[in-house]
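Heads up, the thing below is written out as structure tokens.
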Amino acid sequence: MARTKARAAAAPALTAEAIRKAYRDMLLTRTIDERQWVLNRAGKAPFVIPCRGHEAAQVGWGSALRPTDFFLPYYRDLGVVVACGYTARQAMLSLFGKAEDLTSGGRQMPGHYGWRERHIITGSSPVGTQVLHAVGIAYASRLRGEDAVAATALGEGTTSQGDFHEALNWASIFKLPVLFIVENNEYAISVPQHKEMAVQDVSERALGYGMAGVTVDGNDFFACYEATFQAAERGRRGEGPTLLEFKTYRTVPHSSDDDDRAYRTREEVEEWKQKDPITRMQAHVLAEGILTKEEDEALWREVRAEVDEAIAYAEQAPYPKVEDLHRHVYGE
């Protein structure tokens, strides 16, 4: 499934500790996601964009970069920010729009992640704007003499936006260290991929811009980690940007306002659930002796307890004050 113009050296082997962290990050992402959905259905959260099915892709690319790199996630990228240290409490504070919300102080809708200290740049509701921002950040970083990569994610539907093509063109002309990461879940809300583009793999579009293009199994954490690490190293060596495609699938509707039964069959969804990235990673850590069955069960309980505590805390936390309305609007 992989396609590339240039290949870097393999990523260093992950330690057992790093694999355990990645697995825990995936479990935490899944558990937060499931509980946010329940809170929405209970009328406690107005809007949710789930990421179930994307955990391997998101934790994979979020884990492969350095803290000094720049992260420009899209609205479904909960796993990316979790890999960067985002907690269940922070996720729930954002969901409820509370004053302690790290991303915007309770001013943004959920999914607009931002964390200045971790170089996570907040996005906007119109899709694709973060792609151009990543190019600008990479260009500015080069002018400052920094050894940093800018990585941005998007869905395959966004690759039909003009912003996407302008960004790839500019990045390739100047050989900027940008990673364009397409989490291809086969649907642009309700539009299947075969109605979005004439190519089978999004990575084929890299050829038109003279950049490397790679497609890997997006439900394989290790494949996503490796591909991201290699692409980042190419960028650091001055070999230009990479278009990465992680083929995955969201096993739930596009958002809490969507009914996916209108455009895909239950049989298709069930087939993809059999390829669940969490189950796949769990099988690996057990088979390799990284965790025992008892340790795995304890980890699940630990993660669920963390999310329970986060919800209880966030529900009681105060909302933003009216007098703070203009904070976070102008530089302070």
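The values are calculated or read from the model by the stated rules, or taken from the named source; none is laboratory data. Every value quoted in this text rests on a predicted model; they were computed, and no experiment measured them. We place every Cβ from the backbone using ideal geometry, glycine too, and count neighbours over all the protein chains shown.
In the set (1) without any contact (Cβ under 8 Å) to a residue 40 or more places away in the chain; (2) closer than 22 Å to Tyr75 by Cβ; (3) buried (at least 17 other Cβ atoms within 10 Å of the Cβ), the condition left unmet by Phe180 is number (1).
Would segment 232-241 turn up any residue that is of a type outside the set (D, E, K, R), on the phi < 0 side of the Ramachandran plot, in a helix (DSSP H, G or I) and over 21 Å from the mean Cα position of the chain (by Cα)? No, because not a single residue in segment 232-241 is of a type outside the set (D, E, K, R), on the phi < 0 side of the Ramachandran plot, in a helix (DSSP H, G or I) and over 21 Å from the mean Cα position of the chain (by Cα).
I need the full set of residues from segment 122-152 which are more than 19 Å from Arg236 (Cβ to Cβ) and either among the aliphatic types (A, V, I, L, M) or assigned to a strand (DSSP E or B) (or both), in order please.
First pass over segment 122-152, keeping only residues more than 19 Å from Arg236 (Cβ to Cβ): 122-133.
Selection gives Val127, Val131, Leu132.
Residues of segment 53-68 that are buried (at least 21 other Cβ atoms within 10 Å of the Cβ), in contact (Cβ under 8 Å) with a residue 60 or more places away in the chain and either not β-branched (Val, Ile, Thr) or not in a helix (DSSP H, G or I) (or both): Gly53, His54, Glu55, Ala56, Ala57, Gln58, Gly60, Trp61, Ser63, Ala64, Leu65. Under the condition of being closer than 15 Å to Tyr23 by Cα, in a helix (DSSP H, G or I) and β-branched (Val, Ile, Thr), the residues counted in segment 289-318 number 1. Select, from Val127, Val149, Val131, Val135, the only residue that is touching a Ser or Thr at 6+ places or on another chain (Cβ under 7 Å), at pLDDT 95 or above and among the β-branched types (Val, Ile, Thr). Testing whether each residue is touching a Ser or Thr at 6+ places or on another chain (Cβ under 7 Å), at pLDDT 95 or above and among the β-branched types (Val, Ile, Thr) leaves just Val131.
In segment 69-106, the qualifying residues are those that are of a type in the set (Val, Ile, Thr) and assigned to a helix (DSSP H, G or I), and the one that is surrounded by the most Cβ atoms within 10 Å (Cβ to Cβ) is Val80. Within segment 252-272, residues that are under 28 Å from Pro46 (Cβ atoms) and in a loop (DSSP other than H, G, I, E, B) reach partners that are among the basic types (Lys, Arg) and modelled with pLDDT of 95 or more with beta carbons closer than 6 Å, at six or more positions or on different chains, in the pairs Val252/Arg52.
Looking only at residues in segment 22-52 that are assigned to a helix (DSSP H, G or I) and of a type in the set (Phe, Trp, Tyr), the one that is surrounded by the fewest Cβ atoms within 10 Å (Cβ to Cβ) is Trp37. The residues in segment 106-133 that are touching a helix residue (DSSP H, G or I) at 6+ places or on another chain (Cβ under 7 Å) and among the small types (Gly, Ala, Ser) can be counted, and the count is 2.
Tallying residues that are of a type outside the set (Val, Ile, Thr), in contact with a helix residue (DSSP H, G or I) (Cβ under 7 Å, 6 or more places away or on another chain) and within 16 Å of Leu28 (Cβ to Cβ) within segment 264-307 yields 9.
Of all the numbered requirements in (1) in a helix (DSSP H, G or I); (2) charged (D, E, K, R); (3) closer than 20 Å to Met26 by Cβ, Asp163 misses one, and that requirement is (3). Could you list all residues from segment 112-136 that are farther than 22 Å from Val82 by Cα and touching a residue at least 40 places away in the same chain (Cβ under 8 Å)? Matches in segment 112-136: Val135 only.
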